[in-house]
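Take a look at the structure set out below.
The values are calculated or read from the model by the stated rules, or taken from the named source; none is laboratory data. Being a predicted model, the structure only gives us computed values, none of them experimental. Neighbour counts are summed over all protein chains in view; Cβ atoms, including those assigned to glycine, are modelled from backbone coordinates with ideal geometry.
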Amino acid sequence: MDPECSQLLPALCAVLADPRQPMADDTCLEKLLDWFKTITEAGSSLLLLQENPCLVELLCHMLKPQDLSSRVLSFSLRLTGVFAAQEDCFQYLQQGELLPRLFGEAGPLGGAAWTAPTVRSGWIQGLRSLARHPSALHFLADCGAVDTIFSLQGDSSLFVASAAGQLLVHILGLSMQGPADGPPSLQAGDWPACAQKIVDHIEESLRSAATPQITQALNVLTTTFGHCHDPWTRVLWVRLSPLVAGLLEKDPVPAAHSLVDLLLSVARPQALRAQAFAVLLQPLACVLKATTQAPGASGMVDGTAGDSVTVDTLLPSKAACVGLLCRTLAHLELLLPLPQRPCPWPQASLLGAAVTLLQLCQGSASPTSDAGRHLCALLLGCVRVQRAALDFLGTLSQGTGPPELVTEVFAVLLEYLRSPDSSPTVLKKAFQATFRWLLSSPKTPGCWDLDPQALLFLRELLPVLQKRLCSPCWEVRDSGLEFLTQMTGRWGGQASFRHALLASEVPKLTEQLLRDPESYVRASAVAATGQLSSQGLCVSPASPEHLGGQQKSPLSELLHILSTDSEGFPRRAAMHVFTQWLRDSHADVVGDTEEFVAGVLQVASQDLDWEVRAQGLELALVFLEQTLGQPGSPCPYAVTPPVVAPARPLAQALQPLCRVRLFEFAFRALFDCDRPVAQKSCDLLLFLRAKTASSSSPQEARISPDVASVEAALQRWQAGDQAQPLGDLEPEVVLAVLRSMDLEGLRGALAESSDHVEKSPQSLLQDMLATVGILGENEADCY
Amino acid sequence: MKLYCLSGHPTLPCNVLKFKSTTIMLDCGLDMTSTLNFLPLPLVQSPRLSNLPGWSLKDGNAFLDKTELIDLSTVDVILISNYHCMMALPYITEHTGFTGTVYATEPTMQIGRLLMEELVNFIERVPKAQSASLWKNKDIQRLLPSPLKDAVEVSTWRRCYTMQEVNSALSKIQLVGYSQKIELFGAVQVTPLSSGYALGSSNWIIQSHYEKVSYVSGSSLLTTHPQPMDQASLKNSDVLILTGLTQIPTANPDGMVGEFCSNLALTVRNGGNVLVPCYPSGVIYDLLECLYQYIDSAGLSNIPFYFISPVANSSLEFSQIFAEWLCHNKQTKVYLPEPPFPHAELIQTNKLKHYPSLHGDFSSDFRQPCVVFTGHPSLRFGDVVHFMELWGKSSLNTVIFTEPDFSYLEALAPYQPLAMKCIYCPIDTRLNFIQVSKLLKEVQPLHVVCPEQYTQPPPAQSHRMDLMIDCQPPAMSYRRAEVLALPFKRRYEKIEIMPELADALVPMEIKPGISLATVSAVLHTKDNKHVLQPPPRPAQPTGGKKRKRASDDIPDCKVLKPLLSGSIPVEQFVQTLEKHGFSDIKVEDTAKGHIVLLQEAETLIQIEEDSTHIICDNDEMLRVRLRDLVLKFLQKF
């Protein structure tokens, strides 16, 4: 702790201990606590307390019967926990009997303050912080805290109740960490006393007839199995699973949703995989059975899945059914990429289930049973399930599937893309899933082209995309364009794709959407045009229908957008496209690169949107790298060997940069009022300086041209007066200015956030004191 | 109470309700699907159409009412719910001896007139050289090619009515406003309620003092141009007759409008023309409004929109003047003052132009690519026939079907082979089954009556259990030519008491809040009203003896014994008996009450809820004594 803060601390502690000085703003207390946490994480708490006795005094003060604010009391409890997290400091506080008096029966626990939820919450959080070491466990056992935590599980405040459950999980985990020798036995006597007590409590709750108690126990178990995969959790599950199974047999099943959560969470620990995975799959098995007649066709779960009774139990109402299915799909989506996912992974069945689910939502499935018809009625038009199922279907594209199922996948995707009833968000997901499935479609060896099936699909897809690009709903037009950009980026070079695309109206529509009234759509159209143009897929200006028209090249179209569009998004998109074009040596750019860069930089420098200016610097950097002969990311297949050393003198190499007025742009950006722009410019100039320093010849370094006028102009710019242009700069002048500037210092200053002064702990302490009028003059920052 | 079902078409209903001596026809829709059996009537001589193999007959349109079921001249009133459901009106009012009144709202009548006028105009402007009807003979019909030979009851098909008949029919309409109460012969009261489907569209409440029948026909809960549906007034119905739900329950109107716009833009951007076969009123207003918002964003500002109909001008203008029948949003515009529909602006800026027919101004203004809205949706008559012939050969053009009344494939049949694209975007804003189920939960009628089509999923989607009416008790269904006895009995009737008679009553309070009085009067019934009048006085004059009225005015009453009321508390009764010297009393409980046994006197008193019997052995003295004791517990009046 720095001395300034140490000086302020006693006064602050006095304020906190004084009930007449109410703390109006409890975010201050939170910040203060955060600060103490940072300090104690970095150093010894014991030392901190010894050096600042006012802190212990403050804590002791809490023990006196008085009218303290519940916030301060709660804060003190939490602070004590933060200190006591370190074992030596814990012992120190124990000696003073401070801990038992704060957290035991004698403390706030028995007093009037306990009625305030914030105090109960502080008590729990304090214990949560200090429960880090074996001594803490003994303490918890001795002071009877565990029983109090049990009762707080049913607290009227949801926050307190939830925190109490979390604390139990934490204590259970902590006490089981102790006996590390081998897996724990099933014998009750072998478990540490504290753990035993908690598990007994859980068992008792699970046997209870009261649903809230069962729910509490299930929640504790769910959190335990969700966060901890140690061997003892397996033993715990073996011990408790009969009780949990007993709950499943009751009619009706109590706390059904918490039970499902638990079963989902036990699916994670590897050892329980098969057992839990079956439970996880059950809802999908029901879905699959809803439309198949053959018994056992699901390949997932045999037996009762799909019976009316099972369906009624698992998926009773619309809300429950939708909630459970969405959760199941989300969990499976998380499981899929994990190396420890259950094996064998029922890819085909899951694929079938996802397709069926989508068909049920659309009304195109043909249920074969009453249960199926019931499901169909529940799911019809349900956007949430549609979204979740499309996401899941997309994820499943990482695996393979039987060809006939893949055909069905494409069919259902097309159905969704076609349906006038698909909501914009569903449509977006359908586009994403489609792209992923196209990506994963089998490839002919040695050929990157789409396989025949995907190509057939593409032929059906393009008319749909065409129609979607004309949708009255802008979100739909937008996601259609994004999809087009992705597709073109991936297959734009392939003959069959190009042929299909050019035969459709899509490129022409894209060009028209550059003038869409919605700025997001224009931005996406810009990106799509950029991609199409890169692949030579833009509508040719020479095509007969454009004869005599004012058809412009994509470059001039985008330049027009950059200089005239009233919204930032399309302009940003245009800058991204230009940067990409420059990087890829786009045909329209290669013709006269300097003119292109100069034009773009000139427009970008006047843009009001800082992202456009920042992107301008990105473009400048690409140009700079190309000019100085160092590719930003060397391409392994590049034919030309990397430039070994500049053959030309440095000044000559910099000439093109001067001609495009890159330096004027960069210097202007250096003093930009938006920090990211200035930082980026600083990095660019530093890069250039490093580059020139390593390659400049001694003669060049010795030349000292007159830089005074430029430096004077830059100073005015820094002061905010950017009216005056720099005029034509000579490379030598630029180099001299670069050498003379304190760019490192500038970078350091820019790296600090603008509120770094206001955020300091000292400022916090001052603010807190100022609000109660302890400091003579009010130095609080107004921000 | 009976319901005669004259139409099997759920959205073009025609039912007759007999309720309390009144005969009420509910709607008279005209099912025109039989026109699909005929060749199109071209405005311009079409060599292709005239060379098609066919029968040289043009017998007009069809009317499928099963008139043998009921004598239509006995119909007292006809209630019209919307302009689509009145197209058969001239057939009923002009040819059946109908002498009653037709009730409809003003927009229903005016727009109905436009639809009829358009229909008559379409048919009459291409007069047929000859007409044939012999083929309707069953023996000949059997020899005709399919589907003509399978058409049912062709004998009921009729020629189209004339404008004269239309005018005469419309003159029988009495205009009504929403929530206006109309007395029918004093027996029932009918009230139109806003149904939210079209300008002036109504549901009807038909009620007596103790019974309420709701007739729901063509209602919508979507926010389009008409006034929103009045649901609250439908509550507490004994019977709710439910017709006119959406014909395309799987197509969501919003999605279809999007589809319509996308396909339109795609075609026009490609240099093609768009043909929209439609009615001159209704959904077209909403489509024009959507296009108004969409054309700028789609870059279609320079594309002309043409609306061609003999009644185009009137339709566009009428829509702007019925402000009180519009939704709240549009009503408020009128006060700004602005036209409620944006098509006014489209017309002002020359983006939308309307013409009575394609002859005349239109042919000189016509510019392509363009969008044409014109009738008739059946593609059998009207200007649309010409455009189908004109544009059908190019794949650049598109015909977009938005009206759900006709199968678009059948409508297109005589134009095949067709190069132009065909898009089916049926827009039907009427209630779907989810909305119906919410509505029924909300208004909770005791019984629901509906066409049989609504009680099972559509045949093509038999698994879609959601596409049917699901209510408790299950809906009663009807089919064409059926007579339903509506499932409730009338139990009460309201009777008025003349003031002087009421004055003379002397009520007696028998328990708090309930008083009784005996009445002797003459029941007078006239015009379905029942009145209790004082009985006629005897011939000899009496005067100033009002208080002894009972003995003087109503001599017959002398023989009447007083009426008793109240109940006998057994314990107290036993105590009273004991006080009066009876002993050895035994009380037995029975299913209906008690038996008090006076064993000594060999007497038995049976006390039940509505009777008391004293059974004793020929001891009249004892019986009278006991009777008086019993009477002490009862009130007399």
Would you be able to say whether some residue in region B:403-418 is crowded, with 17+ Cβ neighbours inside 10 Å and out of contact with any Leu (no Cβ under 9 Å at 6 or more places or on another chain)? yes
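Does A:L501 satisfy being more than 21 Å from A:H560 (Cβ to Cβ), without any contact (Cβ under 8 Å) to a residue 40 or more places away in the chain and hydrophobic (A, V, I, L, M, F, W, C)?
On the way: more than 21 Å from A:H560 (Cβ to Cβ): yes; without any contact (Cβ under 8 Å) to a residue 40 or more places away in the chain: yes; hydrophobic (A, V, I, L, M, F, W, C): yes.
Spelling it out, A:L501 is indeed more than 21 Å from A:H560 (Cβ to Cβ), without any contact (Cβ under 8 Å) to a residue 40 or more places away in the chain and hydrophobic (A, V, I, L, M, F, W, C).
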Tally time: how many residues in region B:234-252 are assigned to a strand (DSSP E or B) and surrounded by fewer than 22 Cβ atoms within 10 Å (Cβ to Cβ)? 0
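Please pick out the residue among B:L431, B:L412, B:L418 that is closer than 24 Å to B:T35 by Cβ and not in a helix (DSSP H, G or I).
Details: B:L431 fails: closer than 24 Å to B:T35 by Cβ; B:L412 fails: not in a helix (DSSP H, G or I).
Result of the check over B:L431, B:L412, B:L418: B:L418.
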Of all the residues that make up region A:491-507, how many are farther than 21 Å from A:A523 by Cβ, part of a helix (DSSP H, G or I) and within 14 Å of chain B (Cβ to nearest Cβ)? 1
Expected single match for farther than 30 Å from A:E511 by Cβ, among the small types (G, A, S) and without any contact (Cβ under 8 Å) to a residue 12 or more places away in the chain among B:S315, B:S364 is B:S364
Exactly one of (1) out of contact with any Pro (no Cβ under 9 Å at 6 or more places or on another chain); (2) under 16 Å from B:I303 (Cα atoms) is unmet by B:T267. Its number? (1)
Of the residues that make up region A:349-362, is at least one surrounded by fewer than 19 Cβ atoms within 10 Å (Cβ to Cβ) and either at pLDDT 85 or above or touching a His at 6+ places or on another chain (Cβ under 8 Å) (or both)? no
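Scanning for something assigned by the TED database to the domain that holds A:K467 and among the charged types (D, E, K, R), does region A:410-417 turn up at least one residue?
Within region A:410-417 (the criterion being assigned by the TED database to the domain that holds A:K467 and among the charged types (D, E, K, R)), the answer is no, since none of the residues qualifies.
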Return the residues of region A:378-404 that are modelled with pLDDT under 90, surrounded by fewer than 19 Cβ atoms within 10 Å (Cβ to Cβ) and in a helix (DSSP H, G or I); say none if nothing qualifies. A:P403, A:E404
What's the total number of residues in region A:58-82 that are over 13 Å from A:L93 (Cβ atoms) and in a helix (DSSP H, G or I)? 8
For region B:204-228, which residues satisfy the criterion of being closer than 23 Å to B:L316 by Cβ and either among the basic types (K, R) or part of a strand (DSSP E or B) (or both)? B:P226
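Table: residues versus (1) within 14 Å of another protein chain (Cβ to nearest Cβ); (2) in a helix (DSSP H, G or I); (3) surrounded by 21 or more Cβ atoms within 10 Å (Cβ to Cβ).
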position	(1), (2), (3)
A:E408	no, yes, no
A:D421	yes, no, no
A:L462	yes, yes, no
A:V476	yes, yes, yes
A:E482	no, yes, no
A:G489	no, yes, no
A:L509	yes, yes, yes
A:D516	yes, no, yes
A:R522	yes, yes, yes
Output for region B:273-296, where each listed residue is buried (at least 21 other Cβ atoms within 10 Å of the Cβ) and among the polar types (S, T, N, Q): B:N273, B:S281
Is region A:110-124 home to any residue that is buried (at least 17 other Cβ atoms within 10 Å of the Cβ), out of contact with any Phe, Trp or Tyr (no Cβ under 7 Å at 6 or more places or on another chain) and over 19 Å from A:S157 (Cβ atoms)? no
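Would you confirm, using the coordinates I've provided, whether B:N270 is within 11 Å of another protein chain (Cβ to nearest Cβ) and touching a Leu at 6+ places or on another chain (Cβ under 9 Å)?
Working: within 11 Å of another protein chain (Cβ to nearest Cβ): yes; touching a Leu at 6+ places or on another chain (Cβ under 9 Å): yes.
Answer is yes for this residue.
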Within the set of pairs 6+ apart or on separate chains, which have a first residue in region B:511-529 that is exposed (fewer than 13 other Cβ atoms within 10 Å of the Cβ), a second that is of a type in the set (G, A, S) and assigned to a loop (DSSP other than H, G, I, E, B), and C-beta atoms under 7 Å apart? B:D527/B:G186
Cβ pairs under 8 Å, 6+ apart or interchain, first in region A:359-380 and within 8 Å of chain B (Cβ to nearest Cβ) and at positive phi, second crowded, with 21+ Cβ neighbours inside 10 Å and in a helix (DSSP H, G or I), ordered by first then second residue, are A:G363/A:C376
Selection from region B:447-495 of residues that are without any contact (Cβ under 8 Å) to a residue 40 or more places away in the chain, exposed (fewer than 13 other Cβ atoms within 10 Å of the Cβ) and not in a loop (DSSP other than H, G, I, E, B): B:P459, B:A460
Hey, could you check region A:36-61 for residues that are among the hydroxyl-bearing types (S, T, Y) and closer than 17 Å to A:G126 by Cβ and say which is farthest from the chain's Cα centre (by Cα)? A:S45
Failed item in (1) closer than 16 Å to B:T243 by Cβ; (2) of a type outside the set (V, I, T); (3) more than 14 Å from every other protein chain (Cβ to nearest Cβ), with B:F433 passing the rest: (3)
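Every residue, every condition in (1) in a helix (DSSP H, G or I); (2) at pLDDT below 65; (3) of a type outside the set (V, I, T); (4) farther than 28 Å from A:L152 by Cβ, yes or no:
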site	(1), (2), (3), (4)
A:T224	yes, no, no, no
A:W232	yes, no, yes, no
A:H257	yes, no, yes, no
A:D261	yes, no, yes, no
A:L284	yes, no, yes, yes
Six or more apart or on different chains, Cβ atoms under 8 Å: show the pairs whose first residue is in region B:165-188 and in contact (Cβ under 8 Å) with a residue 60 or more places away in the chain and whose second is exposed (fewer than 13 other Cβ atoms within 10 Å of the Cβ). B:F185/B:S21; B:F185/B:D527; B:G186/B:D527; B:A187/B:S21
